[in-house]
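> Here it is, the structure in full.
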Amino acid sequence: MSTNNIELTERFVKEHLSGYDSGHDWWHITRVRDMAVHIHKAERKGNKNVIEMAALLHDIGDSKFRKHGDPDPGVIISGFLKSLDVEDDQISEVVRINRFISFSSQKKPDIKSDEFNIVQDADRLDAIGAIGIARAFSYGGFRNNALYQPDVNSKLQEGPGCGNSTIAHFYEKLLVLKDMMNTETGRVIAEERHTYIVDFLKRFFEEWNVEK
């Protein structure tokens, strides 16, 4: 990917993220791109150009922010990359990664490529650890969700929670990501970040349930 194409892609992505919350902003994209390149170097797998493009474009058309009538993300990405004369097979893979990368996606790819595995790990790693905690509460605030609902989430620590609290989201998503990593590099990093979340939750409940 030429330097000029990278700059054009960065500009394109920044324009499309204008309505997203701070947990899904340009700096999230930057962190995912940097982590994806790091994993690529460590694993020595995948096409770096595809990995970098897919990381930059992975949140285009995110279902959490799409509005009724918005164009299909694949159409948007394909049109943009064709304007940069990117090869068709690379465009197809970038579009495929964008389509299936989400944790909440009900559809799964038939085959996980090295590029897909790396970018998905990079995106999921940004959802755990200290930054993952910050992003969770940022998004919760963006949606005006409660921090925690003890009346609704009474059995939270026994399994997936319910309700819209940010703490419930930890149990529904953040705490399960460690076991969903695709690469060895991702698994090592996830283990440490997962431990940080567990420690945070322990402290959170200690402070919430203060002795009277």
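> Quick check on G132: is it within 19 Å of K173 (Cβ to Cβ) and buried (at least 21 other Cβ atoms within 10 Å of the Cβ)?
yes
> Cβ contacts < 9 Å: first residue in contact (Cβ under 8 Å) with a residue 60 or more places away in the chain and farther than 23 Å from D123 by Cα, restricted to the range 133-149; second residue surrounded by 18 or more Cβ atoms within 10 Å (Cβ to Cβ) and of a type outside the set (S, T, N, Q), any location; separation 6+ or different chain. Result?
Y148/L156; Y148/I167; Y148/A168
> Taking the range 10-53, which residues are at pLDDT below 95 and of a type in the set (V, I, T)?
Residue satisfying the conditions is V13 alone.
> At least 2 residues that are of a type in the set (K, R) and closer than 21 Å to K112 by Cα in each: list the helices (runs of 4 or more DSSP H) lying fully within the range 1-92 that qualify.
Qualifying helices (runs of 4 or more DSSP H): 26-43.
> Got a number for residues in the range 164-179 being assigned to a helix (DSSP H, G or I), in contact (Cβ under 8 Å) with a residue 60 or more places away in the chain and surrounded by fewer than 20 Cβ atoms within 10 Å (Cβ to Cβ)? Steps first, please.
So the first thing to find is which residues in the range 164-179 are assigned to a helix (DSSP H, G or I), and the list is 166-172, 174-179.
Checking which are in contact (Cβ under 8 Å) with a residue 60 or more places away in the chain leaves us with 177.
If we keep only those that are surrounded by fewer than 20 Cβ atoms within 10 Å (Cβ to Cβ) as well, we get none.
So the answer is 0.
> Can you tell me how many residues in the range 21-41 are over 13 Å from the mean Cα position of the chain (by Cα), buried (at least 18 other Cβ atoms within 10 Å of the Cβ) and not hydrophobic (A, V, I, L, M, F, W, C)?
Of the residues in that region, 1 qualify.
> Continuing with this model, one more query. Any residue at all in the range 5-16 that's under 23 Å from A130 (Cα atoms), in the same structural domain as D89 (by TED's automatic domain parsing) and touching a Phe, Trp or Tyr at 6+ places or on another chain (Cβ under 6 Å)?
Taking the range 5-16 first, the residues under 23 Å from A130 (Cα atoms) are none.
No: the range 5-16 contains no residue that is under 23 Å from A130 (Cα atoms), in the same structural domain as D89 (by TED's automatic domain parsing) and touching a Phe, Trp or Tyr at 6+ places or on another chain (Cβ under 6 Å).
> Then there's this: Residues in the range 136-153 that are more than 10 Å from I167 (Cβ to Cβ) and at pLDDT 90 or above: how many?
Matching residues across the range 136-153 total 4.
> Whether any residue in the range 110-118 is within 13 Å of the chain's Cα centre (by Cα) and of a type in the set (A, V, I, L, M) is what I want to check. Let's see the steps before the verdict.
Keep residues of the range 110-118 that are within 13 Å of the chain's Cα centre (by Cα), which gives 116-118.
Okay, now just the ones that are also of a type in the set (A, V, I, L, M), so 118.
Taking every residue of the range 110-118 in turn, at least one turns out to be within 13 Å of the chain's Cα centre (by Cα) and of a type in the set (A, V, I, L, M).
> Filter the range 54-77 for residues that are modelled with pLDDT of 85 or more and under 19 Å from L125 (Cβ atoms) and give the result.
Selection gives A54, A55, L56, L57, H58, D59.
> Further question on the same structure: Of everything in the range 97-123, what is crowded, with 20+ Cβ neighbours inside 10 Å, charged (D, E, K, R) and either assigned by TED's automatic domain parsing to the domain that holds N49 or under 23 Å from D72 (Cα atoms) (or both)? Give them in sequence order.
E115, D123
The values are calculated or read from the model by the stated rules, or taken from the named source; none is laboratory data. Everything numeric here is computed off the predicted structure, so don't read it as measured data. Methodologically, a virtual Cβ is constructed for each residue, glycine included, from the backbone with ideal geometry; neighbour enumeration extends over all protein chains shown.
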